[in-house]
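Have a look at the structure below before the remarks.
We did not get these values from a lab; they are worked out from the coordinates using the rules stated. Keep in mind that this is a model prediction, so the values were computed, not measured. Note that we place each Cβ from the backbone using ideal geometry, even for glycine, and neighbour counts take in every protein chain shown.
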Amino acid sequence: MKRALYLFVGTISLVLGVIGIVLPILPTVPLLLLTSLCYVRGSSKFHNWFISTSIYKNHLEPFITYRTMNIKKEIFLLVWVSVMLCMAMWKVDNLAMSIVLTILILCKYYYFVMCVKTVGD
């Protein structure tokens, strides 16, 4: 049952990630990372298939192998996630949750500035 759930979530995130390649409103890299995680836990057959696709090689392989991301993708991801977290903060009328979301935003920027190398496009 658990494996089926991982495969289902992985497939949904794969579909949304592929749509995100065409429509810049969806964040491609996080969705494809979720796909990879779910497929690793759900089925080695699905994971092996996924890492052999051009989608994986074009969008995730440099990040997973070298911890690098091109500047355009990095800025888009940072802005997109920041907007979503700020919208959540605006909708939530709870000080503790606003503090948690602010800490999450700061951690996200720290991770991308300190841990992910930026390469030119």
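Would you calculate the separation in nanometres between label points at residue 26 and residue 111, each defined as 7 Å from the Cα along the Cα-to-beta-carbon direction?
Going from the residue 26 label point to the residue 111 one covers 2.1 nm.
Contact order normalised by length for the chain, with contacts defined as Cα pairs under 8 Å and 6 or more residues apart; what percent is it?
Numbers: 100 pairs, mean separation 26.9, N = 121.
Across the chain, relative contact order equals 22 percent.
Long-range amide H contacts for residue 119: which residues qualify at under 5 Å (H placed 1.01 Å from N, peptide plane, sequence gap of 5 or more or a different chain)?
69, 70, 71
Provide the gained length on full extension for the span residue 86 to residue 37, in nm with one decimal, where the gain is 0.36 nm per separating residue minus the Cα-Cα distance. All intermediate terms of the calculation are to be shown ahead of the outcome.
On the way: separation 49, 0.36 × 49 = 17.64 nm, distance 2.62 nm.
Contour length minus the Cα-Cα distance gives 15.0 nm.
Would you work out if region 2-66 is rounded, prolate or oblate? Take a ≥ b ≥ c from the square roots of the eigenvalues of the alpha-carbon gyration tensor; rounded if a/c is under 1.5, else prolate when a/b is larger than b/c, oblate otherwise. Numbers along the way, then the final one.
Working: a/c = 2.07, a/b = 1.27, b/c = 1.62.
Cα axes put region 2-66 in the oblate bin.
Eigenvalues of the Cα gyration tensor times 5, then square-rooted: what semi-axes does that give for the chain, in whole angstrom, largest first?
On the way: eigenvalues 138, 76, 35 Å².
Gyration-tensor ellipsoid for the chain: 26, 20, 13 Å.
Answer rounded, prolate or oblate for region 41-94, using the Cα gyration tensor with square roots of eigenvalues a ≥ b ≥ c: rounded when a/c is under 1.5, else prolate when a/b is larger than b/c, else oblate.
It is oblate, given that a/c is not under 1.5 and a/b is not larger than b/c.
Quick one: helix 28-42 against the long Cα principal axis of the chain, what's the angle to the nearest 10°, folded into 0 to 90?
50 degrees
Going by a ≥ b ≥ c, the root eigenvalues of the Cα gyration tensor, does region 70-119 fall in the rounded group (a/c under 1.5), the prolate group (a/b larger than b/c) or the oblate group?
Values: a/c = 6.63, a/b = 2.00, b/c = 3.32.
Note, shape of region 70-119 comes out oblate.
Going by average Cβ density within 10 Å per residue, which order do the peptides 96-108, 35-47, 73-85 take, highest to lowest? Write out the running numbers ahead of the final one.
Values: 96-108: 12.6, 35-47: 18.3, 73-85: 14.9.
Most protected by this proxy first, the peptides run 35-47, 73-85, 96-108.
Helix 95-114: angle to the longest alpha-carbon principal axis of the chain, degrees 0 to 90, nearest 10?
That works out to roughly 60 degrees.
What 222 nm value per residue comes from the helices of the chain, counting each DSSP H run with n ≥ 4 as -39,500 (n - 2.57) and dividing by all residues, nearest 500 deg cm²/dmol?
On the way: 7 runs with 97 residues, N = 121.
Only helices count here, giving -26000 deg cm²/dmol.
Tell me, what ³J(HN,Hα) does each residue in region 84-89 have, in order and in whole Hz, if you take phi through Karplus 6.51 cos²θ - 1.76 cosθ + 1.60 with θ = phi - 60° and put x for Gly and Pro?
In residue order, the calculated couplings are 5, 5, 5, 5, 5, 5 Hz.
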